[in-house]
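A quick write-up on the structure given underneath.
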Amino acid sequence: MSTAFRSCFVLSGFILAYITYLILGALVFSAIERPVEETLKSDLNSLKAEFLNLSCINATALEVFLERVLKANKYGVSILENASLRTNWDLASSLFFANTMVTTVGYGHTTPLSDAGKAFSIMYALIGVPFTMLVLTACVQRLMHPLTYGPISMCQQRAGLHPRAAGVVHFIVLMVLVVLGFFVIPALVFSAIEESWSFLDAFYFCFISLCTIGLGDFVPAEKPGQRLRALYKISVMVYLFVGLMVMFLVLRTFHKLADVYGWTAYFQLPSCEEEDEDKEPILDRKPDDESPEAEKASIKQRDPSSQVSYNSING
């Protein structure tokens, strides 16, 4: 089995394990929180009926009613009839909640209601956040060759560009494609699906989400009667994960460009070469029985002077 194939196989295993981790977390969250949510909804409906049956509404009764309603709304439970028909803790919604937690997006539109749910959230995020960073890092290192080193080499060889110019052209083209593919086009889609969102609202949501700011003022698939709500939420999850991976790729590419122009050295920051060896993905491992001749060949292959990369640029 070749090293590249083994690396792809292990990376696929990581992604599968990550998906399994999300599903298991969603099942636990749904099992813990859904009964508590149903109890809270029942209490709110009883409170609403008592409030409507009052012959004379005074300020104290109104304040008590509003306080209970606002407190429930903070946890994502609404007293409105249309909103009360759906649950925030079905499998798709729980999966969406787990995904926004481990990716640190965290919209805050839904939060655990019970102490058990809060305790599980701490343990789940404690493992899930670094696991997510590991999977994203592994994916980006696999993408650096076809999406960064390859295009730069092509610009140098076919267009005859100077190495620095090739790096700048590549970064500009990458930025344009990312803005179009992960901000403009998704914003058009979101503004078409979410009737109350303008294009600016949808673009703002994409930016806030992929920067992991997650203010929570705009959350998809939350309007009552949303068609194909479960599929919609899962699609947004995929968009968030792939979008975060691309944003990480852009940051890595910019870091490489900063190395070329000496910005990292000027500000005394670590270079990408010091952080990790991009020419050897983190999931690659050298076999124990590798011969000295193969080891020398591998070292020669990784010699920066034999490949076109940011780190080989001296001009």
Counting only residues in the range 173-185 that are open to solvent by 40 Å² or more (accessible area, probe 1.4 Å) and in contact (Cβ under 8 Å) with a residue 24 or more places away in the chain, the one nearest to the chain's Cα centre (by Cα) is identified as Phe182
Can you tell me which of (1) part of a loop (DSSP other than H, G, I, E, B); (2) modelled with pLDDT under 90; (3) β-branched (Val, Ile, Thr) is the one Ile152 doesn't meet? (1)
Between residues in the range 186-198 that are of a type in the set (Asp, Glu) and residues that are part of a helix (DSSP H, G or I), which pairs lie under 8 Å by C-beta distance while being six or more apart or on different chains? Glu194/Asp201; Glu194/Ala202
Among what's in the range 1-38 and is open to solvent by less than 50 Å² (accessible area, probe 1.4 Å) and polar (S, T, N, Q), pick the residue that is modelled with the highest pLDDT. Ser30
Only unsatisfied item for Asn58, checking (1) farther than 29 Å from Cys211 by Cα; (2) polar (S, T, N, Q); (3) under 26 Å from the mean Cα position of the chain (by Cα), is (3)
In the range 153-172, is there at least one residue being touching a helix residue (DSSP H, G or I) at 6+ places or on another chain (Cβ under 7 Å), open to solvent by 10 Å² or more (accessible area, probe 1.4 Å), aromatic (Phe, Trp, Tyr) and farther than 23 Å from Tyr261 by Cβ? no
Here the residues within the range 47-62 that are open to solvent by 60 Å² or more (accessible area, probe 1.4 Å) and either in contact with a Lys or Arg (Cβ under 9 Å, 6 or more places away or on another chain) or assigned to a helix (DSSP H, G or I) (or both) are Lys48, Glu50, Leu52, Ala59, Thr60, Leu62
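Could we say that Lys41 is closer than 19 Å to Lys118 by Cβ, charged (D, E, K, R) and either open to solvent by less than 70 Å² (accessible area, probe 1.4 Å) or without any contact (Cβ under 8 Å) to a residue 24 or more places away in the chain (or both) here?
On the way: closer than 19 Å to Lys118 by Cβ: no; charged (D, E, K, R): yes; either open to solvent by less than 70 Å² (accessible area, probe 1.4 Å) or without any contact (Cβ under 8 Å) to a residue 24 or more places away in the chain (or both): yes.
Judged against the criteria, Lys41 is not a match.
Which of the residues spanning the range 181-201 are assigned to a helix (DSSP H, G or I), of a type outside the set (Asp, Glu) and closer than 16 Å to Val219 by Cβ? First the steps, then the outcome.
In the first step, residues of the range 181-201 are kept if they are assigned to a helix (DSSP H, G or I); the result is 181-193, 199-201.
Imposing the further condition that a residue be of a type outside the set (Asp, Glu) reduces the set to 181-193, 199-200.
Pro186, Ala187, Val189, Phe190, Ser191, Ile193 - these are the residues of the range 181-201 that are assigned to a helix (DSSP H, G or I), of a type outside the set (Asp, Glu) and closer than 16 Å to Val219 by Cβ.
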Are there any pairs with C-beta distances below 6 angstrom linking a residue in the range 108-119 that is in contact (Cβ under 8 Å) with a residue 40 or more places away in the chain to a residue that is among the charged types (D, E, K, R) and open to solvent by 40 Å² or more (accessible area, probe 1.4 Å), with the two at least 6 apart or on different chains, and if so which? Pro112/Lys118
State whether the residues of the range 63-75 include one that is among the small types (Gly, Ala, Ser) and either assigned to a loop (DSSP other than H, G, I, E, B) or surrounded by fewer than 18 Cβ atoms within 10 Å (Cβ to Cβ) (or both). no
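Restrict the check to the range 163-176 and report whether at least one residue is basic (Lys, Arg), at pLDDT below 95 and touching a Phe, Trp or Tyr at 6+ places or on another chain (Cβ under 6 Å).
Quick first cut of the range 163-176, residues basic (Lys, Arg) only: 164.
Still in the list and also at pLDDT below 95: 164.
After this cut, where a residue has to be touching a Phe, Trp or Tyr at 6+ places or on another chain (Cβ under 6 Å) as well, the list is none.
No.
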Residue count, the range 142-152 (criterion: open to solvent by 30 Å² or more (accessible area, probe 1.4 Å) and within 23 Å of the chain's Cα centre (by Cα)): 5
The condition from (1) among the polar types (S, T, N, Q); (2) crowded, with 17+ Cβ neighbours inside 10 Å; (3) under 21 Å from Ile23 (Cα atoms) that Ser114 misses is numbered (2)
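The values are calculated or read from the model by the stated rules, or taken from the named source; none is laboratory data. Remember, predicted model here, so these are calculated numbers, not experimental data. Reconstructed Cβ throughout: ideal geometry from the backbone, glycine too, with neighbour counts over all protein chains shown. Just the protein is used for accessible areas: all its heavy atoms, side chains included, with ligands, DNA and RNA removed. Shrake-Rupley method; radii C 1.70, N 1.55, O 1.52, S 1.80 Å.
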